[in-house]
Each structure stands twice: as structure tokens, then as C-alpha cells.
1. How charged is the neighbourhood of I112? Take every other residue with its Cβ under 13 Å from the Cβ of I112, and add Lys/Arg as +1 and Asp/Glu as -1.
2. Give me the number: length gained by fully extending D106 to F118, i.e. 0.36 nm times residue separation minus the C-alpha to C-alpha distance, one decimal in nm.
3. Between R40 and A128, how many nm apart are label points set 7 Å from Cα along the C-beta direction?
4. By how many degrees, 0 to 90 and rounded to 10, does the Cα axis of helix 182-194 deviate from the longest principal axis of the chain?
5. Straight-line reach from K84: which lysines fall under 18 Å, measuring Cα to Cα and dropping same-chain residues less than 8 apart?
6. Identify all lysines with a Cα-Cα distance to K203 below 17 Å; exclude those on the same chain that are fewer than 8 residues away in sequence.
7. According to a simple spin-label model (label point 7 Å from Cα along Cα-to-Cβ), what is the distance in nm between I20 and E87?
8. Can you list the aspartates and glutamates whose alpha carbon is less than 13 Å from that of K184, not counting same-chain residues fewer than 8 positions off?
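Computed from the coordinates by the stated procedures, all read-outs in this text should not be read as laboratory data. Keep in mind the model is a prediction, meaning the values are calculated, not measured. Methodologically, a virtual Cβ is constructed for each residue, glycine included, from the backbone with ideal geometry; neighbour enumeration extends over all protein chains shown.
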Amino acid sequence: MTTDTIDPDLAMTDQEVAAILATAQAESEQAAAAVQDAERAVRGELPGGQDVTPAKLAKLRDDAEHAAMRVQAAEKRTREITEKRTEARKAEIRARIREEAAGDLDRAEDIIAALDGFEAALSGLCEAMEAHNDRIARWAREMSAAGVPASHGEAPSAYGLGHEIHGGSLTIDNKIYRPLVAGKYVAATLYRVMSPYPRAFLKAYHDQAITDKGDWIERTEVDLHARIRRDA
């Protein structure tokens with residue numbers, strides 16, 4: 001039975017990697033300081049100069065030179081480990097992408113279902129509003145047949161009934177029923193829902209975004225439910 005061996009460089013923590021160079025630098029600084037102290041002692045600037053023999057001073061200098069070279073080696077070692085760990089992370093991410101990304105991105109059917117639901121809801125809204133407008137037109141014809149004169153405004157006649165010329169509003173006592181323009185409601189709703197998204201996400205044609213301001217679109221404070229209850 002074989003087991004996969006873990007590369008010790010990859011098993012190291014960030015602190016352990018940083019300690020490689022830090023330790024070498026500290027040892028080099030200590031060795032250099034020892035040489036300086038010995039030289040000062042020989043020159044009589046510090047006590048103990050008689051104990052610093054040429055051989056001892058040479059050994060301290062060799063140790064300092066060796067320690068300085070070990071710093072260079074530590075720098076190289078740290079770079080190698082860092083590069084190895086970086087490549088290992090990249091390889092791990094690539095493997096995870098291959099394993100998970102396709103499944104995570106495979107949402108075509110969910111998106112299609114959401115689009116179909118939106119289309120069905122929009123179709124239902126248009127049908128409901130068109131039916132409302134057809135009812136206004138039908139009752140306006142009934143009023144004309146009953147001798148209720150058409151007017152240029154929304155004021156009812158002496159019968160408590162009224163209808164505007166050219167298919168405008170319909171008045172029954174104190175209630176005014178107005179035709180609904182579906183495009184305005186749809187535009188206002190689209191703006192309200194979609195305006196938080198990035199502009200690039202909202203482009204409908206070239207550089208024109210579906211939320212570009214126009215009639216009603218900028219009036220996000222409009223209470224669409226209240227408007228419908230008022231007119232229908």
C-alpha cells in the first residue's frame with residue numbers, strides 16, 4: 001500500500017517560510033556585530049583585546065562572511081518555496097475549476113424557466129390591461145347609444161355618466177376609469193427592478209441601457225398600485 005507524500009515546502013505555514021530569512025538575517029547581524037566588537041577590542045576601544053588572537057579574529061570574520069552568504073541562500077530558498085507554493089495554489093484552483101465550475105455554471109434551464117415566467121407574467125399583465133381598456137371602450141359605446149354625449153374632459157354629464165371622445169376616460173358618478181398604458185407600467189417596473197445592476201448588464205441595444213431615463217422611468221416614487229386602483 002502506497003501513500004502520497006506531502007512536499008514539506010508546501011506543508012509549511014507562512015510564518016515558517018518567513019522565519020527562514022528572518023533567522024538567517026538575525027544570525028548574520030549577530031556575526032557581524034561580533035566581528036565589530038572584536039576589532040574594537042583589539043584597537044583598545046573595548047576591554048578584552050588581549051584575548052582576541054589573530055586566529056580568533058579570523059574565525060569571527062569567516063563566520064560573519066559565512067552568515068552573510070547564508071542570508072543569500074535563505075533569500076533564494078524563500079523565493080523557491082514561495083514560487084512552489086504559488087504554483088501549487090494555482091494548480092489547486094485550476095483543479096477545483098475543472099471539478100466544480102461546469103456544474104456551478106450549468107444553470108441554463110433555471111434561467112430559461114425564469115425568463116419564461118417573466119414572459120408569462122408580462123403577457124398576463126398586458127392581457128389584463130388590454131381587457132380593462134376594452135371594457136372602457138365597450139361601455140363608452142353603450143353610453144353613446146344611450147344618448148350620453150362625449151366630452152373633452154372627465155366631467156360627468158347630467159346623468160352622472162360621461163365618456164371622453166376618441167376613447168378617453170369613462171365616468172360613472174364620482175369614479176373615473178382611465179385606459180391603462182401598459183408600456184409605462186412595464187418601463188417603471190423595469191427601472192425599479194433593474195437600476196441597481198451595472199449598466200453593462202442592462203444594455204438593450206448598443207450603448208443604450210433599458211433603464212435609460214424617459215417618460216415615467218425616472219419617477220421611481222410613483223405608486224403603481226395606487227395608480228392602477230385610481231384608474232381601474
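1. Here the count lands on -4.
2. Net length gain for the segment: 2.3 nm.
3. Placing both labels 7 Å beyond Cα along the Cβ direction yields 9.0 nm.
4. Tilt relative to the chain: about 20 degrees.
5. K76
6. K213
7. 1.4
8. Leaving aside aspartates and glutamates fewer than 8 places away in the same chain, those within reach of K184 are D215, E218, D223.
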